[in-house]
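The values are calculated or read from the model by the stated rules, or taken from the named source; none is laboratory data. These figures come from a predicted structure and were not determined experimentally. Here Cβ is always computed from backbone atoms with ideal geometry, including for glycine, and neighbour counts include all displayed protein chains. Ligands, DNA and RNA are stripped out before the accessible areas are found, and what is left, the full protein with its side chains, is counted by its heavy atoms. Shrake-Rupley method; radii C 1.70, N 1.55, O 1.52, S 1.80 Å.
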Amino acid sequence: MIVRRLGLYALTAWVAITANFILPRLMPGNPVQTLIGKIQSQVTPAEIRAIRLSFGLGFKQGILAQYVTYIEQLFKGNLGISITLGAPVSSILRQSVPWTIGLIGLSTVISFFVGTAAGAMLGWTRGSRFDSLIPTATFFQAVPYFFLGTIMLLVFGSNLHWFPVLGAYSQSVTPGWNWSFVTSVLRYGELPVISIVLSSVAGWMLGMRNMMITMIGEDFVLMAVAKGLPRRKVIYHAARNAVLPSIANLSLAIGLVVSGALLVELVFNYPGVGDLLLQAVLNEDYPLIQGIFLVITLTVLAANLIADVVYLVLDPRTRSEAAV
Amino acid sequence: MRKLQLPRSPKVLLGLAILAFFVVMTVIGPWLAPYNPSSTAFNPLLSPSSHHWLGTTSLGQDIFSQLLVGARATMVVALVAGLVATALSMGIGIAAGYLGGVADDGLSLLSNVFLAIPGVPLLIVIDSYLPVNSRSNEFVIGLIISLTGWAWGARVLRAQTMSLRNRDFVEAARIIGESRTRIMFSEIAPNLLPVLASSLLFTVLYSIGAYVTLAYIGLTSTSVWNWGTMLYWAQANNAPLSNEWYWFVPPGICIALVGTGLALVNFGIDEFINPRLRAAGLTSRQRRRLHLARRPRLGLTPVLRSSNTALGATRMVSE
């Protein structure tokens, strides 16, 4: 099973890489022309050539040769030069990607555990007054991440001053592995993490609740109760089985969370790829946009792979299937 | 063919009411708008008053008019994207589930690939290459959003189709020699109606989010009013930090309400598909009247078949 998944992710990565190659060549608006049009002064042919090259649009190569060069450069870690920042895209990304992975990774883990636990309880106590949580959770699920982030920023940041706002750490500390920097990062991360967790927790919760209700009807749960197991154990028993679809559906969920969380970075001026992506889009910095897209996709694929391994560990049935 | 009859729980009714309200707003909103949303004739940054219910922007535009006019573009894009995506997932999912074999492998692979690529970043890449005049076209944007939103529905429909493909009625259709297309879309598809409906609501929900996101980062034409563009201008003018809540809160609330409405109706469909979820529709008062335990007991999930037979059915099952 894991080999199949690996094959799928390799193929997906290839599709994303190839889409990155084809899109600039397919689209009616030629990005080179757009860019030249944006430069106010006279453009020399040498400059046009340089711009074309930065898109990988060499003059003399056929499309296939261009593709081969593109892949070669990609494997060397060369993603081109950012038009607006003038630096290699890969080195720009190296600075911002850790922030994003830290922020989104942490929030996703928290939201998964909180949501799953709450969902299990909701499913178990179905019909009780806790059910009134459901419409509330649905509302939070429907609010765009960035909007909730904005509201939180406004209320708890700039009005109540409970949390520091804007940026990932205080201006007064020096970045590095020292105590004051680490605590500052954690302090500044609280509000973004809370807003991402609030937006994404409902999805886990509702999914888990529905699975839990379905599980309660199963014979093995009845058996557990009949055996006189303590309630906590029975719940744990049912929850362990109910959580499997949640994990199997992680691939969809991770994509959605990442999409939403990128914009939360933007709201909080967090120095991750979300903020970078907005700048790139506003400046029509195509090499940077493409680089960010590739990195996001590859990271999401890696996260999916981890989820698959976890699934394999948790569900013995898949293991025995693999052994046969 | 089972008729899609939604359970009449308060959740579903609330959802339908919310949706109905916004559908009406979509249709008549632009006529109701008191002013031209782009007109800069008023004083900038007025607080809400009887003349300007939601105040004005920093350019002196009436925010309430923008909200009413913006409903149409937002809902149209969401609906176009949702319909196209559902059609795509129906074609691909049912074909994969029914045909099996190599066709299934290929189509499943395709949907798995699209499922694994994060949608919004892909949208941003595609959209940033669009010429500006296409960005102002709701249908183009809707089509692109649907391209990133069909895969989940296809996966669900494939699984459901596989459970139907060997049923007697499909077998019978095969024996009388109906064509494969006819079996797939006239025999199997109607039986998947609840799943299709749930898939449609889900993609519409996704599409609203995606469209608003694109507009919020300035990737749709800023000359078309929608709720995302409103948030874009509010953000660009620092409305959230300068306490101009009347500028950015209303569009956000509208988006959230439409989403809530869609999700609540989807609960109803979920309960229709999976009857075990349905007993939750009973309030505690109803349950007391039926002499039921406060909570449904384990292993004895009361099933409500329809609202008329509900009383009898639940009592029978629970006793």
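Structure values in brief
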read-out: Region A:123-151 residues that are more than 7 Å from chain B (Cβ to nearest Cβ) and in a helix (DSSP H, G or I), paired with ones that are open to solvent by 50 Å² or more (accessible area, probe 1.4 Å) and not β-branched (V, I, T) (beta carbon under 7 Å, 6 or more apart); value: A:F140/A:L198; A:L148/A:L198
read-out: Residues located in region B:110-143, provided they are open to solvent by 20 Å² or more (accessible area, probe 1.4 Å) and touching an Asp or Glu at 6+ places or on another chain (Cβ under 8 Å); value: B:R135
read-out: So B:L14, is it under 30 Å from A:G127 (Cβ atoms), open to solvent by 30 Å² or more (accessible area, probe 1.4 Å) and touching a residue at least 12 places away in the same chain (Cβ under 8 Å); value: yes
read-out: Hits in region A:77-86 - residues which are assigned to a loop (DSSP other than H, G, I, E, B) and open to solvent by 30 Å² or more (accessible area, probe 1.4 Å); value: A:G77, A:N78, A:L79, A:I83, A:T84, A:L85, A:G86
read-out: Residue within region A:237-258 that is surrounded by fewer than 17 Cβ atoms within 10 Å (Cβ to Cβ) and more than 18 Å from A:V309 (Cα to Cα) present; value: no
read-out: Residue ID - most open to solvent (accessible area, probe 1.4 Å), chosen from residues in region B:216-268 that are polar (S, T, N, Q) and facing another protein chain (nearest Cβ under 8 Å); value: B:N243
read-out: Residues satisfying the stated conditions in region B:76-125, i.e. aliphatic (A, V, I, L, M) and not in a helix (DSSP H, G or I); value: B:I117
read-out: Candidates A:T183, A:T174, A:T100 - the one that is among the β-branched types (V, I, T), open to solvent by 60 Å² or more (accessible area, probe 1.4 Å) and either more than 10 Å from chain B (Cβ to nearest Cβ) or under 30 Å from B:I217 (Cβ atoms) (or both); value: A:T174
read-out: Inter-residue pairs, beta-carbon under 8 Å, first closer than 16 Å to B:G60 by Cβ and of a type in the set (F, W, Y) and in region B:27-39, second open to solvent by 70 Å² or more (accessible area, probe 1.4 Å) and assigned to a loop (DSSP other than H, G, I, E, B), 6+ apart; value: B:Y35/B:A41
read-out: Conditions (1) closer than 30 Å to A:F140 by Cα; (2) out of contact with any helix residue (DSSP H, G or I) (no Cβ under 6 Å at 6 or more places or on another chain); number of the one not met by A:S172; value: (1)
read-out: Subset of region B:145-154 [crowded, with 23+ Cβ neighbours inside 10 Å and assigned to a helix (DSSP H, G or I)]; value: B:I145, B:S146, B:T148, B:G149, B:A151, B:W152, B:G153, B:A154
read-out: Members of region A:186-215 that are within 12 Å of chain B (Cβ to nearest Cβ) and farther than 20 Å from A:S128 by Cβ; value: A:S199, A:G203
read-out: All positions within region B:60-109 that are among the aromatic types (F, W, Y) and surrounded by fewer than 18 Cβ atoms within 10 Å (Cβ to Cβ); value: none
read-out: Selection within region B:21-38 - among the aromatic types (F, W, Y), under 11 Å from B:L68 (Cα atoms) and assigned to a helix (DSSP H, G or I); value: B:F22, B:W31
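Every residue, every condition in (1) under 29 Å from A:N269 (Cβ atoms); (2) buried (at least 17 other Cβ atoms within 10 Å of the Cβ); (3) not aromatic (F, W, Y), yes or no:
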position	(1), (2), (3)
A:F75	no, no, no
A:S91	yes, no, yes
A:G119	no, yes, yes
A:S128	no, no, yes
A:F139	yes, yes, no
A:L153	yes, yes, yes
A:L160	yes, no, yes
